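Student: Have a look at this one before I ask anything.
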Amino acid sequence: MSTHHKLIIGNCMSMEEIPDETVHLVVTSPPYFNAPFDYKGLFKSYGQYLGVLRKVAKELYRVLADGRIFFLNIDDMLIDGEKFPIAADATRILLDAGFRYRDRIIWKKPEGYLRISRRSGVILQNPYPMYFYPDNLLESIIIFQKGRFNYRLISEEIREKSKIDTKEFQDKKWYMTLWEMNNVMPGSPLEKDIAAFPEELPYRAIKLFSYVGETVLDPFAGSGTTMKIARQLGRNSIGIEIKKSLIPTIKEKLGFNGQKTLTDNKDTFEVIQRSKGWIE
Ligand SMILES: C[S@@+](CC[C@H](N)C(=O)[O-])C[C@H]1O[C@@H](n2cnc3c(N)ncnc32)[C@H](O)[C@@H]1O
């Protein structure tokens, strides 16, 4: 079965190219407000940031098919000593948009990750009360659902083709609300300057919440990690990305930059560049 992959260059506050109820799963990680290293000063205010999330939530509810899942990797952000409750505010926004709050998973990164963000060092220099800032190893994955899923809509053949490997499920401990996954190494060439999530994250989401031949959307596509794994797993994908300069990265990550693909299938890749709303 061949798959189709569509990259839309533009702002995901509008998803005009995507008809209602045609997406079967959304997996994404939006910018974390004005994250000091990745998005410093991107938004004028926290209110403006939440306004963007509100518009995206409305569009996602429209394009998702009934019963389907929105798998959101997001977390609170500490800026100049103040923590912004992004996970809680995003949850409220998605509930207001009509989604049901289905579950929350905590993603734990390996302890080596702390080399990058050692905030607890403050107390070693000032070993007194009130200097405590914990190092953060965790991110949230919040799972929302649009209504309830009708299992009878899926044919027996597709069910079998999409079967989950229960050995992998058990061995890698997918069954818990704590997922231990490596983060993407800073400096990996295809994810340079992009706060990419590890392939393991969309891999689990796509296996657990979509069937072969369906369509997975990532409205904040970044380097195209979700799209790549969707292709690997025999799903179609749609990515929306505001930065036009990421087209070659995404194309390469998905394996559409001219090199021979490992499989002999007829998968296709298409770029739609809007007339406005994108940045270089
Ligand atoms: C956290 S990164 C996503 C990384 C992605 N999960 C990956 O693995 O590469 C967020 C991405 O969203 C893009 N972005 C930010 N605002 C956007 C918007 N309004 N519409 C579309 N893309 C946007 C950024 O340029 C960035 O590439």
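The values are calculated or read from the model by the stated rules, or taken from the named source; none is laboratory data. As the structure is a prediction and not an experimental result, all values here were calculated from the model. For neighbour counting, all protein chains shown are included, and Cβ atoms are generated from backbone atoms with ideal geometry for every residue, glycine included.
Student: Among the numbered criteria (1) part of a helix (DSSP H, G or I); (2) closer than 22 Å to Asn150 by Cα, which single criterion is violated by Ala65?
Tutor: All conditions are met except number (1).
Student: Within the range 239-253, how many residues are out of contact with any Gly (no Cβ under 8 Å at 6 or more places or on another chain) and under 22 Å from Met13 (Cα atoms)?
Tutor: Going through the range 239-253 one residue at a time, the tally reaches 4.
Student: Next question. Given the conditions (1) part of a strand (DSSP E or B); (2) within 16 Å of the ligand (Cβ to nearest atom); (3) of a type outside the set (Val, Ile, Thr); (4) more than 18 Å from the chain's Cα centre (by Cα), which single one is not true for Leu78?
Tutor: Status for Leu78: all satisfied but (2).
Student: Assess whether Asn182 counts as being surrounded by 10 or more Cβ atoms within 10 Å (Cβ to Cβ) and in contact with a Pro (Cβ under 8 Å, 6 or more places away or on another chain).
Tutor: yes
Student: Need pairs with beta-carbon distance below 6 Å; first residue closer than 13 Å to Leu208 by Cβ and touching a residue at least 24 places away in the same chain (Cβ under 8 Å) and within the range 153-173, second part of a loop (DSSP other than H, G, I, E, B) and among the hydroxyl-bearing types (Ser, Thr, Tyr); sequence gap 6+ or separate chains.
Tutor: From the range 153-173, the pairs are Ser162/Tyr211.
Student: Scanning for something closer than 16 Å to Glu241 by Cα, touching a residue at least 24 places away in the same chain (Cβ under 8 Å) and not in a strand (DSSP E or B), does the range 86-109 turn up at least one residue?
Tutor: No, the range 86-109 has no match at all.
Student: Sort through Phe43, Phe99, Phe70 and tell me the only one that's surrounded by 14 or more Cβ atoms within 10 Å (Cβ to Cβ), aromatic (Phe, Trp, Tyr) and more than 24 Å from Tyr211 (Cβ to Cβ).
Tutor: Sole residue among the options that is surrounded by 14 or more Cβ atoms within 10 Å (Cβ to Cβ), aromatic (Phe, Trp, Tyr) and more than 24 Å from Tyr211 (Cβ to Cβ): Phe43.
Student: Looking only at the range 236-248, how many residues end up being in contact with a helix residue (DSSP H, G or I) (Cβ under 6 Å, 6 or more places away or on another chain) and surrounded by fewer than 24 Cβ atoms within 10 Å (Cβ to Cβ)?
Tutor: Of the residues in that region, 0 qualify.
Student: Out of the residues in the range 192-222 that are over 14 Å from the mean Cα position of the chain (by Cα) and modelled with pLDDT under 95, state the one that is surrounded by the fewest Cβ atoms within 10 Å (Cβ to Cβ).
Tutor: Once the filter is applied, the top-ranked residue is Lys192.
Student: Identify all residues within the range 93-138 that are among the acidic types (Asp, Glu) and modelled with pLDDT under 95; write none if there are none.
Tutor: Listed by number, the residues that qualify are Glu111, Asp135.
Student: Then there's this: Is it true that some residue in the range 26-39 is surrounded by fewer than 18 Cβ atoms within 10 Å (Cβ to Cβ) and either among the basic types (Lys, Arg) or over 24 Å from Asn183 (Cα atoms) (or both)?
Tutor: For the range 26-39, residues surrounded by fewer than 18 Cβ atoms within 10 Å (Cβ to Cβ) and either among the basic types (Lys, Arg) or over 24 Å from Asn183 (Cα atoms) (or both): absent.
Student: Of a type outside the set (Ser, Thr, Tyr) and within 30 Å of Lys83 (Cα to Cα): is that true of Asp135 in this structure?
Tutor: Yes: the conditions hold for Asp135.
Student: Only one of (1) closer than 28 Å to Arg119 by Cα; (2) surrounded by fewer than 20 Cβ atoms within 10 Å (Cβ to Cβ); (3) in contact with an Asp or Glu (Cβ under 6 Å, 6 or more places away or on another chain) is not met by Ile86, so which one is it?
Tutor: Result: Ile86 fails condition (2) only.
Quick grid of which residues meet (1) of a type outside the set (Lys, Arg); (2) within 14 Å of the ligand (Cβ to nearest atom):
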site: Lys161; (1), (2): no, no
site: Asp165; (1), (2): yes, no
site: Gln170; (1), (2): yes, no
site: Lys173; (1), (2): no, no
site: Pro219; (1), (2): yes, yes
site: Ser223; (1), (2): yes, yes
site: Ile229; (1), (2): yes, yes
site: Ile242; (1), (2): yes, yes
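Student: Residues Ala221, Ala230, Ala205: which one is in contact with a Phe, Trp or Tyr (Cβ under 8 Å, 6 or more places away or on another chain) and at negative phi?
Tutor: When all the criteria are applied, what remains is Ala205.
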